[in-house]
1. In whole percent, and with a 1.4 Å probe on the protein chains, what portion of the accessible area of the chain is carbon and sulfur?
2. Straight-line reach only, C-alpha to C-alpha below 12 angstrom: list the aspartates and glutamates that LYS87 could link to, leaving out same-chain residues fewer than 8 apart.
3. Compute the signed sum of charges (Lys and Arg +1, Asp and Glu -1) over the other residues within less than 13 Å, Cβ to Cβ, of ASN51.
4. What base-10 log of the normalised intensity I(q)/I(0) is obtained for the range 133-213 from the Debye formula, alpha carbons as equal point scatterers, at q = 0.15, 0.19 Å⁻¹?
5. At what distance in nm do the modelled label points of SER263 and PHE192 sit from each other, each positioned 7 Å from its Cα along Cα→Cβ?
6. Using the alpha-carbon atoms, what tilt in degrees (0 to 90, nearest 10) does helix 110-119 show relative to the longest principal axis of the chain?
7. What is the list of residues in the range 126-149 whose amide nitrogen lies under 12 Å from a point 7 angstrom out from the Cα of ASP299, following Cα to Cβ?
8. Where the centre of each part is set by its Cα atoms, how far does the range 88-140 sit from the range 217-288, in angstrom?
Amino acid sequence: MGFKISGLHAVNFTENAANVVLSDVEEPVRISYTVDNNPIMDEVEMHPDANKQIRLLTQQLIRLIRPLAGPDECFRELPRVMWTATKSDESVTLGGWLVPGGIAKSITSETELIDFFARNFLTHQPQIIETTPNQPQWLAFVRPYAYTKMEIYSTLYAADGSKFTKRILETPQTPYSFNQVDTSYITLWKEFCDNNNLEPIAYDVFGDSLKKESTNVGEAFTSKPKHPIDQRYILRQPRFGEQYFGFVNGMGGFDTIVMTGESILEPDGEVETFTNSQVEEELVNDYTSHWEVSTGYLDSERVASQYQDFLKSQFRYCFHDGVWLRIIIDEYELKHTRGELNAYSFKYHHSEHNERRFYERDTLPDVSLPTKFFDI
């Protein structure tokens, strides 16, 4: 067509997506824009400005794309955007894929963007973290189109010095896919350690990829070890009163964190009643449990940043009796002094107010006979 196009990338974060700019436009252009085949704009006529440019404000068009991550495994194609520009009897259709989230670093090179996604898990957690054997963990990553094969491995380190490595995932043959894998110790290594009487001390999760690249003589395949780069989990025993929380982080993945401080139940609610023949009955009981919890002391700026990311997220969960429950944060108290130990607190309630309670019954022990019988 008779104009130039800039700002379009094959894959990018939604919060880093640049505006699409049409330059050298001489006449009005009709624009259609879809996200996953859902029309956002349909044949909207746009006129060039004084600089002969038309700008598509991309971030406004894609702001309602929901996160892909959650407290479970997930393998699916990234949300796809398609837009068509038409003028006179000419038309061009272009598109790309988007990852819900964003990063502070500005990356504009197409190749650098693709390699960034292949190198990095979508997490802000420190590269080496402590976790308990029971703490759920997930890692999410993007498989770009140029990477024809991406496999995820885990290496276990045992107390006797032995080391074991196994493949835990090969991504589906879907270009530009979002992949979230369960990296919990229980899922990856517990059965193996129990069967082999091993005492685990840590384990890594990392990728091994193959990238297709164009050369002067055709296509070549390049091995890309440590794509994605290692994440290390140091195992420790659980501590009394610890609680696990999960959230969709700022990069679009799912992280879990531990609250080590005290937890206080502060329920509230209103009761609506009516009186019939001088007998009062309840119509609605709006009892809602609110918990106030504390992070405990945060010993580094990187860890504190992750807890700040949790408070900023709109998709947060607590892990209760083996089930992830969506929560709403009512209020929080965050005062941070750089370079010192900090602790945050917040108050939350379940998004679903029906607080289903269940206690598993067990076989009763034998009655212990008293040494002295009571008088009857």
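The values are calculated or read from the model by the stated rules, or taken from the named source; none is laboratory data. Please read these numbers as outputs of a predicted model, since none were measured by experiment. Cβ coordinates were reconstructed from backbone atoms using ideal geometry, including for glycine residues, and neighbour counts include every protein chain displayed. Note: areas computed on protein heavy atoms with side chains; ligands, DNA, RNA excluded. Shrake-Rupley method; radii C 1.70, N 1.55, O 1.52, S 1.80 Å.
1. On the way: 10490 of 21780 Å².
Carbon and sulfur atoms account for 48 percent of the accessible area of the chain.
2. GLU26, GLU27, GLU43, GLU45
3. Numbers: positive: LYS4, LYS52, ARG55; negative: ASP24, GLU26, ASP49.
With Lys, Arg at +1 and Asp, Glu at -1, the neighbours total 0.
4. -0.58, -0.82
5. Distance between label points: 3.1 nm.
6. It works out to around 20 degrees.
7. 129-131
8. 22
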